[in-house]
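Everything on this sheet refers to the single structure shown next.
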Amino acid sequence: MTLGGNGQGTVVKLTKRDFVSDQEVRWCPGCGDYAILAQMQKVLPELGIPREKFVFVSGIGCSSRFPYYMNTYGFHGIHGRAPAIATGIKVCNPDLSVWVVTGDGDGLSIGGNHLLHAMRRNVDIKIVLFNNRIYGLTKGQYSPTSEFGKKTKSSPMGTVEMPVNPICLALAAEATFVARSVDRHTDHLAYVLERAARHKGVAFVEVFQNCNIFNDGAFEPFADRSVKDDRMVVLEHGKPLIFGKNRDKGIRLNGTTLEVVTLGDGITESDLLVHDEKRPDPAIAFLLARMDYPEYPVPVGVFRAVEKPTYDELVNAQIEAAIAERGQGDLEKLLRSGDIWVIE
Amino acid sequence: MGEKTSAFTTVGPEVRHQIVELETVTVRFAGDSGDGIQLTGTLFTNTTALVGNDLGTFPDYPAEIRAPAGTLPGVSAYQICFSSQDVRTPGDQPDVLVAFNPAALKVHLPDLPEGGMILVNVDAFTEYNLKKAGYTSNPLEDGSLAKYRVYKIPMTTATLSALRQIDLPSKDKERCKNFWALGLVYWLFDRPLEPTLRWIEQRFRKNPTIAQANATALRAGYAYGDAAEIFTVHYRVRRAQIAPGVYRKITGNEALALGLITASQLAGRPLFYASYPITPASDILHELALHKNFGVRTFQAEDEIAAMCAAIGAAFAGYLGATGTSGPGMCLKSEAINLAVMVELPVVICDIQRAGPSTGMPTKTEQGDLLQALFGRNSESPVAVVAPATPADCFSMAIEAFRIATKYMTPVILLSDGYLANGAEPWRLPSVEELPKIELRFRTDPNDFYPYLRDPETLARPWAIPGTPGLEHRIGGLEKQHITGNVSYDPQNHELMVKLRAEKIARIAEDIPLLDVFGEPEGKVLVVGWGSTYGAITSAVEHWQKKGASVSSIHLRYLNPFPRNLGEILHRFEKILVPELNLGQLALLLRGRYLVDAIPFSKVQGRPFKISEIIDRIGELL
């Protein structure tokens, strides 16, 4: 494959710098978005895809400024609609690596419908949802992922809304790739982004992202380095679910529920749930997705990675099948189809 | 045109089977929406087209798929006007009403002129059906139809009797009565059965018994006309003297779909059509989905917004992106149309207008979205707007919409309506070689590439599609810096960009045909129309011209920008009348733009203008 974007067909090894645009990054200092941008710019050169084949599409919100900072093709769309724009792009040019960058408000509130349908169709696009559980760009209203009772500018007495769990939503839509990571867990984030990039089909990645202005420390109780080993569990395909600083705790499937157990006292690794991201049925992934702190460790990693035909592939296969069957369309013939008559 | 009395009042001496020649006839089929009325009308139209008449049709059906049988809201109708002369409308009033049940008679009788012919299925006039239709006595017996020529025909029993040898449940046999009636009407107007027999054979290829039943019913209806001692004459309408060429019958929606495909072929790029099902636009999606071997990608989106956004995405990727909808969908698409305005990508938006705000009357026609198309978005949002004048013109204007969209890098709104969409007329096929190519210019040269560096003539920005090395750039809904396309909040730049976007659309006026005045170039009354009112206006104006009155007309197919000689023409007439199926939207524009006293002539009944209505209104100004 030809690498690089100099248009001369010569092989150029791309680097992170190739993906940095000339635009000044304008997120608040300390925002978790910087970390995600940095990991993205680190991962893309590794994929062997020429730069001109990347398209970043976004909606509205802090996260949606992302395309301006990527030196790729970019489309800053309108609120919530990035998956629809991306679907149009991908169907028309399946060669492109099409990414959607969205947030919890953009993707799950105003754009919930498009997110759902892009996932159930299995359009081969990569969706990264920055979840900071708050509206940042509009300065601090609660979002669809804000916890029940959260006090914000628009909920001074606390919200009376149940939050939505993005991973559960993606699994319900039967997205073929569903994963989660954390802005500050940079290596893990890079791993998850690369896995998403290499997945054929829709990839949905939730990133816990800290908004240090309006919702600072939202994920600290479990994601902070000092506690994360005990309060988070990393999902790894084919491995039992073990966590804890001392690797002494695990997750066991008991009937239809998951439970936290301590290894020893007759409980061994073989009693634990072994993670299977390729399992066609998303039911266990759904159980995992529902684990939340403090009752459970918060899971990160790849919940699901299965293969199914992609929407763009199927659409284009029908075009080819129609041409194979009926021949390339003949306009003269088309216009003359049906009953015609001649006036001399 | 039979405004007051039917053309049939001139029938000659009553000799059995004498053929009487007529110039123009209007027939209306009416019955339950489950009676197959639309099919019956369509098949009659196909045959009529094949025998060489000029014609116009008007399908009129309820929004409910199957409203309760026998009720007034459940009545479906199909009107066709055919002639040996020019036909521009489906006819003001039917000369012949074929009523399959009492409800159909009740709904449509008011439109029938004195002396008009009524063919009723007498079998359907049961006490139960009469009651459902709200009749307290049987109109066939109480003398209330005395001023019409009523033929009481046992369509159901005759159909059942014709099909007695065929092995089908009688319920299925009964459903063949529309073919029986069609056969009778074919006899009445001396039309051949073969085109319909061919259609039956093809359509029911997999069900030969049904095919046989329908064909038998059709023939039996024809034979009934010939043998029964009911009709003393039948009629002939000669071929129309129309321009030589190859013709087919076409509806507006079919023509629009073919136009979009043709544009894609002329441009050498595939079509991507994204749409959410909505009446009366869905047929465009259905038609396009059939033609995948032309590279047409159809996308049934999750909603109207997604359809518009996906079309924008397709345009960004270098396809011909289009979407189609009706008024409620236009509301939902507005924000995304504005995105296309800002990112300056070519997208064609087909608005098949329907009646009323909100859900309104989905199956009825109106021209209420003109101002919405021009102004229905936040801030200064110029888009090009075109409107076909006839069903066949939808073909040309679809191509024109894409020519403008791609040359000027702009969204283009095409305003059709329910009347054009479902109405049919003969269409003289264009020669494909003679259609002008649509030249697309994709930017490939990375030297001095700036996303918003405009073509000095058209002010179009470059179309640089993803996958092109060296042209990586970002676009979006935030205000753009002139030339670089970077995000800009600079006040002077914003004003410049607002003006550039407006100027770009304004310049299209240099690139569209000048208006032709129908009639004298100056005079007393100028009738100004746009879109689907063309046929009725032109016929009404012609009526006055034949009487020597000083009446001319112009018809706008370009609503934004207007043709550049519009103002000059307006000022050459004493009075300007603007018939529109809305409360005066074009009139408002003409008054605002040209300071002329444009007089609105409005109709908002979900129905097109009758020629006579416009004739009368012009008369008041003379």
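Here the condition is being within 14 Å of chain A (Cβ to nearest Cβ), modelled with pLDDT of 95 or more and surrounded by 22 or more Cβ atoms within 10 Å (Cβ to Cβ); of B:L370, B:L320, B:L332, it holds for B:L320 alone. Summed over the range B:354-385, the residues that are closer than 15 Å to B:Y558 by Cα and small (G, A, S) give a count of 2.
Conditions (1) within 14 Å of another protein chain (Cβ to nearest Cβ); (2) more than 25 Å from B:I312 (Cα to Cα); (3) touching an Asp or Glu at 6+ places or on another chain (Cβ under 6 Å), marked per residue:
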| residue | (1), (2), (3) |
| --- | --- |
| B:P469 | yes, no, yes |
| B:H494 | no, no, yes |
| B:V498 | no, no, yes |
| B:K504 | no, no, no |
| B:D516 | no, yes, no |
| B:L526 | no, yes, no |
| B:S532 | no, yes, yes |
| B:T538 | no, yes, no |
| B:A549 | no, yes, no |
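Restricting the range B:290-310 to residues that are farther than 13 Å from A:N93 by Cα and aliphatic (A, V, I, L, M) leaves a set whose member that is nearest to the other protein chains (Cβ to nearest Cβ) is B:A306.
Here B:D351 clears all of (1) of a type in the set (D, E); (2) closer than 26 Å to B:Y450 by Cα; (3) buried (at least 21 other Cβ atoms within 10 Å of the Cβ) except the condition numbered (2). Here A:W341 clears all of (1) modelled with pLDDT of 95 or more; (2) under 30 Å from B:P426 (Cβ atoms) except the condition numbered (1).
Residues of the range B:149-168 include none that is free of Cβ contacts under 8 Å to residues at least 60 places away in the same chain, out of contact with any His (no Cβ under 8 Å at 6 or more places or on another chain) and aromatic (F, W, Y). Listed by first and then second residue, the pairs with beta-carbon distance under 9 Å, at least 6 apart or on different chains, first residue in the range A:217-240 and within 18 Å of A:C31 (Cβ to Cβ), second in a helix (DSSP H, G or I), are A:A223/A:R231; A:D224/A:R231. Would you be able to say whether some residue in the range B:415-426 is surrounded by 24 or more Cβ atoms within 10 Å (Cβ to Cβ), of a type outside the set (S, T, Y) and within 13 Å of chain A (Cβ to nearest Cβ)? The answer is yes, given that some residue of the range B:415-426 is surrounded by 24 or more Cβ atoms within 10 Å (Cβ to Cβ), of a type outside the set (S, T, Y) and within 13 Å of chain A (Cβ to nearest Cβ). Taken over the range A:22-43, residues that are at pLDDT 95 or above and within 12 Å of another protein chain (Cβ to nearest Cβ) amount to 0.
In the range B:339-346, the count of residues that are buried (at least 24 other Cβ atoms within 10 Å of the Cβ), over 16 Å from A:I78 (Cβ atoms), at pLDDT 95 or above and of a type outside the set (V, I, T) is one or more. Taking the conditions exactly as written (touching a residue at least 40 places away in the same chain (Cβ under 8 Å), acidic (D, E) and not in a helix (DSSP H, G or I)), does B:D86 satisfy them or not? Answer is yes for this residue. So which residues in the range B:462-476 are buried (at least 21 other Cβ atoms within 10 Å of the Cβ) and among the small types (G, A, S)? Selection gives B:A464, B:G476.
Within the range B:192-240, the set of residues being in contact (Cβ under 8 Å) with a residue 24 or more places away in the chain, assigned to a loop (DSSP other than H, G, I, E, B) and surrounded by 16 or more Cβ atoms within 10 Å (Cβ to Cβ) comprises B:L193, B:F231, B:A240. Say whether the condition of being among the charged types (D, E, K, R) and either in the same structural domain as B:R88 (by TED's automatic domain parsing) or not in a loop (DSSP other than H, G, I, E, B) (or both) is met by at least one residue in the range B:447-465. No: the range B:447-465 contains no residue that is among the charged types (D, E, K, R) and either in the same structural domain as B:R88 (by TED's automatic domain parsing) or not in a loop (DSSP other than H, G, I, E, B) (or both).
For the range A:138-173, taking the residues that are hydrophobic (A, V, I, L, M, F, W, C) and under 14 Å from the mean Cα position of the chain (by Cα), the one that is surrounded by the fewest Cβ atoms within 10 Å (Cβ to Cβ) is identified as A:C168. Those strands (runs of 3 or more DSSP E) of the range A:53-167 in which at least 1 residues are at the interface with another protein chain (Cβ under 9 Å from one of its Cβ atoms), considering only elements entirely within it, cover A:54-58, A:73-76, A:97-103.
Answer yes or no as to whether B:I284 is in a helix (DSSP H, G or I) and within 17 Å of the chain's Cα centre (by Cα). Yes: the conditions hold for B:I284. Entry remark, the range A:110-137: residues being modelled with pLDDT of 95 or more, under 24 Å from A:C28 (Cβ atoms) and either surrounded by fewer than 24 Cβ atoms within 10 Å (Cβ to Cβ) or of a type in the set (K, R) (or both) number 2 in total. Of all residues in the range A:309-344, those being part of a loop (DSSP other than H, G, I, E, B) and charged (D, E, K, R) number 4. When A:M291 is tested against (1) within 30 Å of B:L290 (Cα to Cα); (2) away from chain B (no Cβ under 14 Å), only condition (1) is not met.
Of everything in the range B:287-310, what is in a helix (DSSP H, G or I) and among the aromatic types (F, W, Y)? Give them in sequence order.
Listed by number, the list holds a single entry, B:F294.
For the range B:220-256, the set of residues classified as away from every other protein chain (no Cβ under 14 Å), of a type outside the set (A, V, I, L, M, F, W, C) and more than 24 Å from the chain's Cα centre (by Cα) consists of B:G221, B:Y222, B:Y224, B:G225, B:D226, B:E229, B:T232, B:H234, B:Y235, B:R236, listed by residue number.
The residues of the range A:303-344 that are within 7 Å of chain B (Cβ to nearest Cβ), touching a strand residue (DSSP E or B) at 6+ places or on another chain (Cβ under 8 Å) and among the basic types (K, R) amount to a single one, A:R336.
Which of the following residues is out of contact with any helix residue (DSSP H, G or I) (no Cβ under 6 Å at 6 or more places or on another chain) and over 23 Å from B:G418 (Cβ atoms): B:G318, B:G356, B:G313? Quick ask: steps written out before the conclusion?
Numbers: B:G356 fails: over 23 Å from B:G418 (Cβ atoms); B:G313 fails: out of contact with any helix residue (DSSP H, G or I) (no Cβ under 6 Å at 6 or more places or on another chain).
Of B:G318, B:G356, B:G313, the one residue that is out of contact with any helix residue (DSSP H, G or I) (no Cβ under 6 Å at 6 or more places or on another chain) and over 23 Å from B:G418 (Cβ atoms) is B:G318.
Highlighted here are the strands (runs of 3 or more DSSP E) found entirely within the range B:507-622 that include at least 3 residues which are in contact with a helix residue (DSSP H, G or I) (Cβ under 7 Å, 6 or more places away or on another chain): B:523-530, B:551-556, B:573-580, B:598-602.
The values are calculated or read from the model by the stated rules, or taken from the named source; none is laboratory data. What you are looking at is a predicted structure, and each value in this text was computed from that prediction instead of being measured. Neighbour counts run over all protein chains shown; Cβ positions are idealised from the backbone, glycine included.
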